[in-house]
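All remarks here apply to the structure that follows.
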Amino acid sequence: DEANDFLQQTEDVTSKDVLKTLISELGKAQQKPHNAALSAKCLGCLCRASEEARKRAKELGAKTVVSTALDVGVRTHLKLETACKSVVKVLERPDQD
């Protein structure tokens with residue numbers, strides 16, 4: 001019915017916005033490594049829990065952003081490094097088509 005369609009569309013838009021926001025915050029790792037580490041943890045959790053979230057994160061360029069943040073983490077922030085390594089693992093999983 002229409003209500004379910006609306007709820008599904010809202011959920012899709014919300015999860016896209018959440019992924020975009022997390023990836024955006026991760027992209028600011030140099031300036032805000034603590035926030036980036038928290039974003040990486042959240043992104044990793046979402047991508048482990050949802051195949052769709054993982055695919056969307058890849059489409060949004062997460063691999064490149066995570067790689068850059070990982071470099072920052074290796075140099076300056078252990079929690080950021082650890083969180084990024086976890087995200088890299090989940091993004092490298094083969095798609096479940």
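The values are calculated or read from the model by the stated rules, or taken from the named source; none is laboratory data. Nothing here was measured: the structure is a model prediction, and the numbers come from that model. Please note: Cβ atoms are built from the backbone with ideal geometry, for glycine as well, and neighbour counts cover all protein chains shown. In case anyone asks, the SASA skips ligands and DNA or RNA and just uses the protein heavy atoms, side chains included. Shrake-Rupley method; radii C 1.70, N 1.55, O 1.52, S 1.80 Å.
Scanning the stretch 19-40 for residues that are open to solvent by 40 Å² or more (accessible area, probe 1.4 Å) and assigned to a helix (DSSP H, G or I), which turns out nearest to residue 59 (Cα to Cα)?
Checking each candidate, the answer is 20.
Taking the stretch 59-94 only, how many residues are loosely packed, with under 14 Cβ neighbours inside 10 Å and closer than 18 Å to residue 15 by Cβ?
2
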